[in-house]
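Just below is one structure, and these are the notes that go with it.
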């Protein structure tokens, strides 16, 4: 019974870890995933003595019979401690999301917006916090900071009037529809959506660097390593490299090898098919 509980908890934690490694993940979605995972863990508090696991086997593993000397209250107490430890560890690890700029970035999570009757002052404190933090960046790009609160109020009112079902809205649609009326606020939204929520891309870059700069190539300079790791292919013309590859070989390059093999297999198939039809005709005549 306790093993099933551990399997469920680890499954939710594994799903949280996998979701936080998505390249397109935003900071607001991280908060939503954390809150949802903590809520799911907190719901698994008390084991009903009449429940247990419904089957004698679990994922092809035969479950042991429950011990008669094991108190259900003791199991529930251990469960509660473990669940509290999981939730407290998550809260401690991601404590930065509980306040400040990271918490205010929840503004771009449309799924977390309240209902229309409670939207009058929603998000105003978030906007104020974000303007205070990203103000120099926005001002350097030409945004008018004084207009952002009014544009946020206009955008919020327009969306609630035109779209009763806010769950189906996306920021690309909003930007396309209201980009001309709320340019300064949507510039702030662009900044929030560009903040990376995971270091997965950085870790992938380090793995690539290890593949390029191996023990046999440990003398590569930083600029050479950077060029090899992320070459500029936008203005690269491969024609000269192709000619060099084609002419530098001692033997003739068989550039049409795959086409010749495919043509050979096709001819062989047609010959076998023709031979089979002739044999069938001969058998019918006999």
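The values are calculated or read from the model by the stated rules, or taken from the named source; none is laboratory data. It should be emphasised that the depicted structure is a prediction, and the values quoted were computed from it without experimental measurement. Cβ placement follows ideal geometry from the backbone for every residue including glycine, while neighbour counts extend to all protein chains displayed.
Each row is one residue, and each column tells you yes or no for (1) in a helix (DSSP H, G or I); (2) farther than 30 Å from residue 93 by Cα.
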| position | (1), (2) |
| --- | --- |
| 198 | no, no |
| 219 | no, yes |
| 237 | no, yes |
| 250 | no, yes |
| 258 | yes, yes |
| 269 | yes, yes |
Cβ pairs under 6 Å, 6+ apart or interchain, first in region 109-135 and more than 16 Å from residue 154 (Cβ to Cβ), second assigned to a loop (DSSP other than H, G, I, E, B), ordered by first then second residue, are 110/169; 114/122
The residue from 103, 12 that alone is modelled with pLDDT of 80 or more, under 20 Å from residue 194 (Cα atoms) and either out of contact with any strand residue (DSSP E or B) (no Cβ under 9 Å at 6 or more places or on another chain) or part of a helix (DSSP H, G or I) (or both) is 103
Within region 175-194, the residues that are surrounded by 16 or more Cβ atoms within 10 Å (Cβ to Cβ) and outside any helix (DSSP H, G or I) are 182
Residue 163: passes all of (1) in contact with a helix residue (DSSP H, G or I) (Cβ under 8 Å, 6 or more places away or on another chain); (2) at pLDDT below 80; (3) closer than 22 Å to residue 115 by Cβ but (1)
- Task: Test residue 128 against the stated conditions and say whether it is at pLDDT 80 or above and either closer than 28 Å to residue 16 by Cβ or out of contact with any strand residue (DSSP E or B) (no Cβ under 7 Å at 6 or more places or on another chain) (or both).
- Result: yes
Expected single match for surrounded by 10 or more Cβ atoms within 10 Å (Cβ to Cβ) and in contact (Cβ under 8 Å) with a residue 24 or more places away in the chain among 241, 197 is 197
Quick one: is residue 138 in contact with a helix residue (DSSP H, G or I) (Cβ under 8 Å, 6 or more places away or on another chain), free of Cβ contacts under 8 Å to residues at least 60 places away in the same chain, in a helix (DSSP H, G or I) and surrounded by 15 or more Cβ atoms within 10 Å (Cβ to Cβ)?
yes
